[in-house]
Amino acid sequence: MALPKIKYVRAFTATGGGADYHDQTGAHWIDDHIATPMSRYPEYRESRRSFGINVLGTLVVEIEADDGTIGFAVTTGGEPACYIVEKHLARFLEGRNPADYEKIWDQMYFSTQYYGRKGLVVNAISGVDLALWDLLGKLRGEPVHQLLGGPVRDELQFYATGARPDVAKELGFIGGKMPLHHGPAEGLEGLHKNVAMLADMRAKVGDDFWLMYDCWMALDVDYATRLAIACHEHGLKWLEEAISPDDYWGYAELKRNVPKGMLVTTGEHEATRWGFRMLLEMDCCDIIQPDVGWCGGVTELLKISALADAKGKMVVPHGSSVYSYHFVITRHNSPFAEFLMMHPGPTEVVPMFAPQLLGEPVPVNGRIKASQLDKPGFGVELNRDVPLNRPYTH
């Protein structure tokens, strides 16, 4: 059956949580004193918003077909990404068959390679790609996971990212990943505080609950190694994104350095099959963590996952709500998923990308049934009550 052609591509910005989940107001665990690459500067140590982590806002991409069906997606990128989508990428979609996602992705990526390859440009490409998959699912009346081959299990199970793994355990999650609070600039005292925080949480959750540390690119190899060794006796499951995402050599060294049984994970800020090929071939980590809204979209995530599968590595995407759920449920090498606890406490389970998505499923007892993902496309709708701004047209 012939599909209607793509008629319009539109790009909007939105602010206030949602895809740009750091864009919070008031007290929130995600904006606490958390180790970052900017923690070396005391003036940017107490708040991640202070150095501009939330300046871009959300990118909303809509792709409308000739019959009026609209696919959409949200990711980060804000106004600069809108410009890229409207002024550059739209030409590769309008008038095309929405099933031609391979050709469309290839043209978007290689036409922007001279100023793109990673970061903001690939975020924009990811948003377009996700909206395209949403449109394709709606046109075919199928959920995206069915387009990817269908579920390989009946439910998703989750670990929770947030400041309260003890609460996450009570809520039924399989593990809790905490933000690391103190970086190398805070010296030995900071290191001891990091270890003490893990020890305290281990005492609260018992021996069998997973505990992990998210280091958000804040450390160097020496500090990360000392932290891993000091945390080993408290059962740290993995050390995540400990150093700069560009330092593949450092990751390979860190993986050799950590105690046996502890995992090194990274990839949240990596992009495309070529970036992940470096991580995999240089044996930089045990688990790769691509964000489907940043790494190139579903089209590229399939290639990244195949590379990892061939290397015997797990793919556990960075928390991206339904956009990763539809992928994880179809892959044996993605045995569990991440859930970002976006409650300020965090002491409750709330939708991850609120207020921008309507109908977003959330874990109950740390799980989501595959049947909850059975609506066409990604199964969510755009909240039209959220103010959208279209800064550019074409």
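The values are calculated or read from the model by the stated rules, or taken from the named source; none is laboratory data. Note that the structure is a prediction, hence the values are computed from the model and not measured. Using ideal geometry, Cβ is built from the backbone for each residue, glycine included, and neighbour counts are taken over all protein chains shown.
The table below lists the values:
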read-out	value
One residue from L191, L211, L227, L180 being assigned by TED's automatic domain parsing to the domain that holds F339, closer than 19 Å to L340 by Cα and touching a Leu at 6+ places or on another chain (Cβ under 7 Å)	L211
Considering residues of segment 165-186 that are outside any helix (DSSP H, G or I) and within 20 Å of the chain's Cα centre (by Cα) only, the residue surrounded by the fewest Cβ atoms within 10 Å (Cβ to Cβ)	I174
Selected residue (only one of G26, G71 is modelled with pLDDT under 95 and in contact with a Pro (Cβ under 8 Å, 6 or more places away or on another chain))	G26
D23 being of a type in the set (D, E, K, R), in contact (Cβ under 8 Å) with a residue 12 or more places away in the chain, over 30 Å from V350 (Cβ atoms) and part of a loop (DSSP other than H, G, I, E, B)	no
Qualifying residue in segment 53-71 (condition: touching a His at 6+ places or on another chain (Cβ under 6 Å) and part of a helix (DSSP H, G or I))	no
Residues satisfying the stated conditions in segment 87-112, i.e. assigned to a loop (DSSP other than H, G, I, E, B) and either of a type in the set (G, A, S) or closer than 15 Å to S126 by Cβ (or both)	H88, L93, G95, A99, T112
Candidate set: segment 1-40, residues that are surrounded by 16 or more Cβ atoms within 10 Å (Cβ to Cβ) and of a type in the set (F, W, Y); chosen: the one nearest to G293 (Cα to Cα)	Y21
Residues located in segment 26-41, provided they are touching a residue at least 60 places away in the same chain (Cβ under 8 Å) and not in a loop (DSSP other than H, G, I, E, B)	W29, I30
